[in-house]
Amino acid sequence: MRIPRFEYFRPSSIDEVCSLLYKYRGEAKVLAGGTDLFVKMKKKEILPKVVISLNGIQKLDRIECDEKDGLKIGPLVTHDAIVNHPFVREKFDFLSETCFKIGTRQVRNMGTLVGNLCNASPSSDASAPLLVLETKLKLVHLYGERTIPLQEFFIGPFQTVLDPQEIVVEVQIPKPAPHTAGSYQYLHKASSVGETLVGAAVLLTIDPRNSTCQEARIGLSSVASTPIRAKAAERTLKGKRLEEKIIREAAQVAMDETQPRSRSLYRREMTRVLVERAILRAMEKIR
Amino acid sequence: MKKQLIELRVNGESFELAVEPQKTLLEVVREDLGLTGAKEACGTGECGACTVLIDGKPILSCLTLAIEAQGKEITTIEGLAKAGELHPLQKAFIRYGAIQCGYCTSGMILNAKSILDENPKPSRDEILKGLEGNLCRCTGYNKILEAVMAASTGED
């Protein structure tokens, strides 16, 4: 299978990328790892006239970490780099564990976190953990920039609010509060790529004085047209002591917040199971 | 589209080539350099037959532009044998019958090499997880696993 022809640019700054995106309007695509872009081009699902590579720009493969501000991840940071980053492993363990699950060894060496988000697959594994971490994305275009919460980024299957002239330059992940832990639980199809059928991420903050749940966030992938937060289920947990009955109830509520596009019965039921599992696992980690 | 002059480092040698930008690294090593060890099977990054190493890390050459592989050290299966002597993994694959049709073998061995370079004594599960992106339709994987285990223990 061949990649259809295109005109290739390899600019050396984000400004130049923005100028090119402006000049070619909707006819250009940005290249980071290529694991989604070239598959789509080979299958002729998209046929951009122009491909703009980010690989000539310095420092886009950096992970910046700060005890106060949290993480900043550039657009050329691969899944493998996140898996192996010591600070991420320590403070954002379930994010690095999730990235280890994505694709295969080869794909993790090529594919980028930002590319995964821009592809906007409803079953994107990175999305559920990033949603519960209250991640923001920094978007720039020729005449300015904006920073938006990740949950506003996804608008439908493989659709985002990203304008054809915009580019995502940074993933910003705030540092979680003390006494906080997260877990990502998933089930996937039996194949090498192992596309996720249901993914559930839970982030809990427990008050050590009275063991009540100060903060609960639940993110779900593959059970609606975009990755979603299960806000009603979160409210079920907040302010309560996390006993068996409450955990079961929250998992039930989360199940009712899903809107699977296919295999509805299975996906709903497994949402309940995985949310419960992720809550229990997160609680264990805090203890 | 106009051809562009590029320089690639493959198996320790430098090559200057004129390529169109949409040419994949796989097409260039096979068609321009005559290194036909890397194979195309799915063409979409699922099977691992096209795996080569870039700066020691396994990547999919069917989804990598040749033009983007400049300035990097590329290793194909042809680069593993040294002075006529097969690499220990190649020997182990032969000894354990881990090759049948051979189509997956070059990608499988290169990925296995990168696994052992990173962790010389991986567990059975670590090898399995590491090789999940290389599909084999003949061996049932057991013989491949045995061969990689044998190579990791230094058995010759």
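The values are calculated or read from the model by the stated rules, or taken from the named source; none is laboratory data. Just so we're clear, the structure is a prediction, and the values are computed from it rather than from any experiment. Here the Cβ positions follow ideal geometry from the backbone for every residue, glycine too, while neighbour counts run over all protein chains shown.
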Next item on the list: Considering only residues that are within 14 Å of the chain's Cα centre (by Cα) and among the β-branched types (Val, Ile, Thr), look in region A:93-147 and name the one that is surrounded by the fewest Cβ atoms within 10 Å (Cβ to Cβ).
Entry: A:Ile102
Next item on the list: Enumerate the pairs (first residue in region B:61-72 and acidic (Asp, Glu); second residue anywhere and surrounded by 24 or more Cβ atoms within 10 Å (Cβ to Cβ)) with beta-carbon separation below 9 Å, excluding pairs fewer than 6 apart on the same chain, so at least 6 apart or on different chains.
Entry: B:Glu68/A:Gly34; B:Glu68/B:Leu25
Check: Among A:Arg277, A:Arg267, A:Arg261, which is in contact (Cβ under 8 Å) with a residue 24 or more places away in the chain, in a loop (DSSP other than H, G, I, E, B) and surrounded by fewer than 24 Cβ atoms within 10 Å (Cβ to Cβ)?
Finding: A:Arg261
Notebook entry, point to check: When region A:73-109 is examined, which residues are found to be over 16 Å from A:Thr35 (Cβ atoms) and either part of a loop (DSSP other than H, G, I, E, B) or modelled with pLDDT of 95 or more (or both)?
Noted result: A:Ile73, A:Gly74, A:Asn84, A:His85, A:Phe92
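Hey, does region B:40-62 have a residue that's more than 14 Å from chain A (Cβ to nearest Cβ), at pLDDT 95 or above and crowded, with 23+ Cβ neighbours inside 10 Å? Working first, answer last.
Initial filter on region B:40-62 (more than 14 Å from chain A (Cβ to nearest Cβ)): none.
No - not one qualifying residue is present in region B:40-62.
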Margin query: Just to verify a result, which residue in region A:149-163, among those that are out of contact with any Cys (no Cβ under 8 Å at 6 or more places or on another chain) and surrounded by 14 or more Cβ atoms within 10 Å (Cβ to Cβ), is farthest from A:Ala282 (Cα to Cα)?
Written below: A:Val161
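Of all residues in region B:21-39, which are surrounded by fewer than 17 Cβ atoms within 10 Å (Cβ to Cβ) and within 14 Å of another protein chain (Cβ to nearest Cβ)?
Looking only at region B:21-39, we keep the residues that are surrounded by fewer than 17 Cβ atoms within 10 Å (Cβ to Cβ), and these are B:31-32, B:34, B:36.
Listed by number, the list holds a single entry, B:Glu31.
Between A:Ala190, A:Ala282, A:Ala201, A:Ala251, which is out of contact with any Ser or Thr (no Cβ under 6 Å at 6 or more places or on another chain), assigned to a helix (DSSP H, G or I) and not assigned by TED's automatic domain parsing to the domain that holds A:Gly156?
On the way: A:Ala190 fails: assigned to a helix (DSSP H, G or I); A:Ala282 fails: out of contact with any Ser or Thr (no Cβ under 6 Å at 6 or more places or on another chain); A:Ala201 fails: assigned to a helix (DSSP H, G or I).
None of the other options fit; the residue is A:Ala251.
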Note to self: For region B:90-131, give me the residue count where each residue is in contact with a helix residue (DSSP H, G or I) (Cβ under 7 Å, 6 or more places away or on another chain) and part of a loop (DSSP other than H, G, I, E, B).
What the structure shows: 9
Next item on the list: From (1) touching a strand residue (DSSP E or B) at 6+ places or on another chain (Cβ under 7 Å); (2) within 12 Å of chain B (Cβ to nearest Cβ); (3) in a loop (DSSP other than H, G, I, E, B), pick out the condition that doesn't hold for A:Asn55.
Entry: (1)
Margin query: Can you find, within region A:148-159, the residue that is nearest to A:Gly74 (Cα to Cα) among those that are more than 10 Å from the chain's Cα centre (by Cα) and aliphatic (A, V, I, L, M)?
Written below: A:Ile148
Check: From the residues in region B:63-103 that are surrounded by fewer than 21 Cβ atoms within 10 Å (Cβ to Cβ) and within 13 Å of another protein chain (Cβ to nearest Cβ), which one is farthest from B:Phe15 (Cα to Cα)?
Finding: B:Glu68
Check: Applying the selection to region A:1-28, what residues are within 14 Å of chain B (Cβ to nearest Cβ), aromatic (Phe, Trp, Tyr) and either within 27 Å of the chain's Cα centre (by Cα) or in a helix (DSSP H, G or I) (or both)?
Finding: none
Margin query: modelled with pLDDT of 95 or more and within 20 Å of A:Leu95 (Cβ to Cβ): which single residue out of A:Gly194, A:Gly219 fits that description?
Written below: A:Gly219
Check: If you take just the strands (runs of 3 or more DSSP E) that sit entirely in region B:37-89, which of them hold at least 2 residues that are more than 28 Å from B:Lys2 (Cα to Cα)?
Finding: B:57-60
Check: Residues of region B:104-143 being among the small types (Gly, Ala, Ser) and facing chain A (nearest Cβ under 10 Å), which ones?
Finding: B:Gly107, B:Ser114, B:Gly130, B:Gly133
Item checked: Residue check, A:Val77 more than 17 Å from the chain's Cα centre (by Cα) and either under 23 Å from B:Ser61 (Cβ atoms) or at the interface with chain B (Cβ under 8 Å from one of its Cβ atoms) (or both) -> no
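With the structure loaded, tell me whether A:Ile46 is more than 14 Å from every other protein chain (Cβ to nearest Cβ) and of a type in the set (Val, Ile, Thr) or whether it fails that test. It would help to see each step written out before you state the result.
Working: more than 14 Å from every other protein chain (Cβ to nearest Cβ): no; of a type in the set (Val, Ile, Thr): yes.
For A:Ile46, the condition - more than 14 Å from every other protein chain (Cβ to nearest Cβ) and of a type in the set (Val, Ile, Thr) - is not met.
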Margin query: Take the conditions of a type in the set (Lys, Arg) and over 21 Å from A:Glu134 (Cα atoms) and apply them to A:Lys285. Does it pass?
Written below: no
Note to self: Looking at region A:96-113, I want the residues that are within 13 Å of another protein chain (Cβ to nearest Cβ) and of a type outside the set (A, V, I, L, M) and have a partner that is assigned to a helix (DSSP H, G or I) and buried (at least 24 other Cβ atoms within 10 Å of the Cβ) with Cβ atoms under 6 Å, at least 6 apart or on another chain. Which pairs are those?
What the structure shows: A:Arg108/A:His79; A:Gly111/A:His79
Next item on the list: Please indicate, with yes or no, whether at least one residue in region A:228-238 is free of Cβ contacts under 8 Å to residues at least 60 places away in the same chain, part of a loop (DSSP other than H, G, I, E, B) and not aliphatic (A, V, I, L, M).
Entry: yes
